Amino acid sequence: MSQLSDDIARLLPTMFRSVVRLMAVEMDKSGTELRLPQFGVLDFLLTNSEAVQTDLANHFAKDKSVMLRQLDEMEQAGWIERQMDPNDRRRKNLVVTKAGLEVYKKAARLRAKVFAGVLEDVSERDVTACLKVLNAMNDRANAGDAK
């Protein structure tokens, strides 16, 4: 299993960069103003209600000030808004706006196109097995977060 682990360790980052590059190229060609990191933020916010800046910084392993600048840009673009938490006035929940949802949907269609292309010759059975492995790796990697 050691050689297989080494092969996966080498291939995953390379594959990830390649797919990210394809996504960025497609987003640039489409003329959307949304950048790939912003798409990631919208994706996170749409699947994690009541998220705050710290949640994003932790999830993306970014400094809080870096996240603040990115969120400020996205708020100025009208894609997100900060809403006061009804249970804690010091807390500002980040919410995707209608405009943010629209630009997200456009980028999600591009993501689907990119993944359809890179998975074109891969069987559904192999994709299912890959998802099982990736989920297991993700669960194991995040197991320490719950402690």
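None of the figures in this text is laboratory data; all of them are computed from the coordinates on show. Model, not experiment: these values are computed from the prediction.
Note on the stretch 100-116 and the stretch 67-90: Cα centroid distance 22 Å, given to the nearest whole angstrom.
Per residue, what volume in Å³ does the Cα convex hull of the chain take up?
On the way: hull volume 21.9 nm³, N = 147.
So the per-residue Cα hull volume is 149 Å³.
For the chain, the number of Lys pairs with C-alpha atoms closer than 18 Å, counting only pairs eight or more positions apart or on separate chains, is 6.
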